[in-house]
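The values are calculated or read from the model by the stated rules, or taken from the named source; none is laboratory data. Note that the coordinates shown come from a computational prediction; the quantities given were computed from them, not determined experimentally. Note: ideal-geometry Cβ built from the backbone for every residue, glycine included; neighbour counts use all protein chains shown.
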Amino acid sequence: MNMDIGQFVDRYVAVWNEPDEATRRDLVAGLWAEDGIEITGSARYRGRDAIETRVARAHEELVRSGGFVFRSANDAAGHHGTVAFTTYMIPATGGDIAWTGRVFASLDESGLIRSDHQFTVEPPALQPPALQPPALPPAGDQSAGTRATAEELLRRMGEGDPDRIAAVFAEHVDWRLNWPDGDHPAVPWIRPRATRADVADHFREIAAAHIPEKAGASVARVLVEGTDAVVLGDIHQTVKATGEPYTARCALHLTVQNGQITRYAVYEDSLTVAEALLGRPLRR
């Protein structure tokens with residue numbers, strides 16, 4: 001198949017997590033053919049409008065109100081215009097898998113979904129060990145291993161356990177997250193880091209400053225080449241102290257060596273974050 005199956009699955013999973021209506025509409029248009037069909041055990045949805053309504057209702061019920069997020073199981077395979085993969089629904093704040101779905105998608109010549117069937121299947125017998133880093137990729141398969149590590153990082157960030165997140169990182173990390181003029185007092189987690197323990201502290205500080213039930217993120221794309229990965233998406237948070245919600249566009253640049261992240265560079269809309277924490281606009 002002349003397509004990146006991993007990217008296809010990333011986009012499929014991202015549409016269910018996407019909170020913005022316009023972005024979700026674009027994601028649906030980029031995934032399903034105009035007359036595409038989605039079929040579940042209890043219903044059939046034909047055409048992009050019907051599928052968009054179906055996705056919006058699922059997001060409202062399961063993600064926004066239910067507090068869940070969807071993640072890929074990283075098991076996609078495809079040939080002759082057909083892709084099969086598994087998705088998990090898990091609590092955004094961490095916990096066991098609440099639902100497991102198996103998807104079989106038939107694609108047209110342009111890579112858009114003509115039809116996809118969703119099946120509810122049994123969750124894996126064993127949940128992932130608490131602090132175990134992802135398994136090493138096969139020798140010589142750098143890009144696949146980098147993608148697996150990047151997706152594991154995103155999954156653990158969605159779970160929200162700082163120690164599990166930090167376990168994906170190497171003991172010493174090239175950390176790049178800075179305010180343009182150095183540290184900023186309104187955003188305490190924007191400061192230098194260097195070790196795995198620092199990484200855990202970073203995510204603890206972020207969690208402590210926000211309302212966990214209203215935290216979320218949407219991933220638009222994961223781009224991988226060799227040992228480098230770039231994750232493009234948005235962060236959605238609500239500040240505890242001010243009650244201010246915000247959405248900040250974000251890009252992560254990761255370098256992966258031996259299954260662990262050795263370089264973590266964050267490019268985000270830090271001004272929006274600082275204004276939400278302060279509860280007032282800053283001079284632009």
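When region 249-280 is examined, which residues are found to be assigned to a strand (DSSP E or B), touching a Lys or Arg at 6+ places or on another chain (Cβ under 8 Å) and modelled with pLDDT under 90? Glu268, the sole residue that qualifies.
Of the residues making up region 191-222, those that are closer than 19 Å to Glu151 by Cα and surrounded by fewer than 16 Cβ atoms within 10 Å (Cβ to Cβ) number 1.
Taken together, Ala170, Ala194, Ala209 contain a single residue that is in contact (Cβ under 8 Å) with a residue 60 or more places away in the chain, more than 19 Å from Ser270 (Cα to Cα) and not charged (D, E, K, R), which is Ala170. Just one of the numbered conditions (1) touching a strand residue (DSSP E or B) at 6+ places or on another chain (Cβ under 6 Å); (2) not in a loop (DSSP other than H, G, I, E, B) is not true of Val15: (1). Taking the stated definitions as given, is Gly140 at pLDDT below 85 and loosely packed, with under 15 Cβ neighbours inside 10 Å? Yes; evaluated as a whole, the condition is true for this residue. Does any residue of region 60-73 turn out to be surrounded by fewer than 19 Cβ atoms within 10 Å (Cβ to Cβ) and touching a Lys or Arg at 6+ places or on another chain (Cβ under 8 Å)? The answer is no, given that none of the residues of region 60-73 is surrounded by fewer than 19 Cβ atoms within 10 Å (Cβ to Cβ) and touching a Lys or Arg at 6+ places or on another chain (Cβ under 8 Å).
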